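Here the structure is laid out as structure tokens; the discussion comes afterwards.
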Amino acid sequence: MTKNKSIYILGIESSCDDTSAAVICNGKILSNVVANQEIHAKYGGVVPELASRAHQQNIVPVIQQAIQQANIDKKDLNAIAFTRGPGLMGSLLVGTSFAKSLSLALNIPLIAVNHMQGHVLAHFIEEENQQKPPFPFLCLTISGGHTQIVKITNYFTMEVIGETLDDAVGEAYDKSAKILGLPYPGGPLVDKYANLGNPKAFKFTKPKVDGLNFSFSGLKTAILYFIQKKVKENPNFIEENLNDICASIQFTIVEILFDKLKKAVKQTGINHIAIAGGVSANSEIRKVLKSYEEKLGWTTYIPKFEYTTDNAGMIAIVGYLKYLENDFSNDATTATARLKVSEN
Ligand code: KG4
Ligand code: ZN
């Protein structure tokens with residue numbers, strides 16, 4: 001009997017404003033290096049041209065660090081997985097071109113990864129005390145660019161059963177934060193202040209959307225008008241009520257998300273529920289989801305923090321799963337700004 005071979009995959013992620021590289025060995029993460037781009041904070045959002053320039057500066061040191069931390073030599077790598085899309089074109093091109101050149105130089109296969117599948121499949125990274133979801137399961141994928149309820153039948157068969165018709169939930173967080181004068185990305189800050197405030201202090205109307213779809217643009221406008229009115233009455237309104245405002249916004253967002261998730265469970269009869277994407281780092285969303293284990297009999301899957309926001313670990317696990325299926329791409333593969341979670 002031969003011993004199981006060690007398969008080393010390098011994952012590269014550059015779809016938005018984080019440059020990241022990770023090494024995975026047989027599903028276990030050996031390194032996951034992320035360079036955040038602070039340059040965008042002062043512009044209140046990601047500036048695509050600056051993002052791609054920063055990726056160009058970061059990519060070599062980030063990959064070197066990932067290989068070093070994994071304690072391997074680049075010659076040990078079996079394949080290179082990279083994010084092909086969706087994302088910002090200029091950003092994606094940096095990772096794509098680098099992955100192609102490196103695979104050519106090392107003479108190893110190339111694996112194209114759908115970023116959204118990465119968020120979902122991060123649940124299959126080997127971790128101690130972390131259960132993997134069985135098929136089929138539902139995943140609430142919530143990030144700066146997406147808000148979806150996805151039905152996952154097997155690794156690469158995913159179907160969107162509900163999604164936002166306008167803003168993503170991460171955008172709702174970031175835009176609300178901007179209205180409150182908080183820096184980008186505001187999601188984590190709203191979460192932090194919300195924990196200190198009263199969620200019932202202010203009431204925001206929830207949108208009425210059919211089926212399992214979401215809408216967040218109305219909420220953003222409601223918050224804007226509410227703040228403008230209150231600040232007119234009292235210029236210090238935001239400073240004096242920041243925690244309560246954040247708690248009330250968070251309460252509304254979490255209710256909108258879970259109303260639909262509960263509906264999806266009822267409709268599909270599936271009660272293995274995962275969350276993924278940057279917004280799944282949110283403390284209230286994690287708490288409420290966990291509470292539904294006892295309350296509603298769901299089995300829930302909550303990713304480790306480092307695998308929620310954009311990172312190459314999630315790209316590397318998809319790379320590994322595709323490697324096992326001999327699903328390789330080639331030099332002709334191009335980056336694509338738009339890609340559905342159902343597309344491989
Ligand atoms: O998945 P991600 O890193 O990038 C995209 O693919 O979009 O998600 C980034 C989003 C941002 O909108 C950020 O504000 C939000 O995730 N986010 C949070 C929290 N941490 C990150 N939103 C709410 N609460 C958090 N704790
Ligand atoms: Zn993402």
Using protein chains only and a probe of 1.4 angstrom, how many square angstrom of MET89 are accessible, to the nearest 10? 80
In the chain, what percent of the accessible surface is made up of carbon and sulfur (1.4 Å probe, ligands and nucleic acids excluded)? 50
Mind telling me which of ALA276, ALA222, ALA177 comes out most flexible in a GNM of the chain, alpha-carbon contacts under 10 Å? ALA222
Contour minus Cα-Cα span, THR268 to LEU196, at 0.36 nm per residue, comes to 22.3 nm
DSSP beta bridges in the chain [antiparallel fraction, %, rounded to 5]: 60
How far apart, in nm, are two points set 7 Å out from the Cα along the Cα-to-Cβ line at TYR225 and at ASN326? 6.1
TYR323 accessible area, assembled protein chains, probe 1.4 Å, Å²: 40
Translational diffusion of the range 241-296, µm² s⁻¹ [Kirkwood Rh, Cα pairs; Stokes-Einstein; 4 °C; 1.567 mPa s]: 105
The chain, relative contact order in percent, only Cα pairs under 8 angstrom and at least six apart counted: 26
Square roots of five times the C-alpha gyration tensor eigenvalues of the range 137-303, ordered largest first and given in whole Å, equal 29, 15, 14
Fraction of antiparallel bridges per DSSP, the range 137-303 only, in percent to nearest 5: 60
When the chain is modelled as a GNM with alpha-carbon springs shorter than 10 Å, which of SER101, SER15, SER215 fluctuates the most? SER101
What is the helix-to-structure angle for 48-69, meaning the angle in degrees between its Cα long axis and the longest Cα principal axis of the chain, kept from 0 to 90 and rounded to the nearest 10? 50
Helix 237-268 vs. the chain, principal-axis angle (Cα, 0 to 90°, nearest 10): 60
Heavy-atom accessible area of LEU189, protein chains in place, probe 1.4 angstrom, given in Å² to nearest 10, is 40
Distance (nanometres) between label positions extended 7 Å along Cα→Cβ at GLN57 and ALA337: 2.4
Would you mind checking the tilt of helix 169-179 against the longest principal axis of the Cα atoms of the chain, expressed as 0 to 90 degrees and rounded to 10? 50
How high is the relative contact order of the range 137-303? Use alpha-carbon pairs under 8 Å, at least six apart in sequence, and give a whole percent. 28
Computed lengthening from GLN65 to LYS287, 0.36 nm per intervening residue step minus Cα-Cα distance: 76.5 nm
Could you order ASP166, ASP210, ASP191 so the one with the most accessible surface comes first? Probe is 1.4 Å. ASP210, ASP166, ASP191
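The values are calculated or read from the model by the stated rules, or taken from the named source; none is laboratory data. Because the structure is a prediction, the values reported are computed rather than measured. Note that each Cβ is placed from the backbone with ideal geometry, even for glycine, and that neighbours are counted across all protein chains shown. These accessible areas exclude ligands, DNA and RNA; they are computed on the full protein's heavy atoms, side chains included. Shrake-Rupley method; radii C 1.70, N 1.55, O 1.52, S 1.80 Å.
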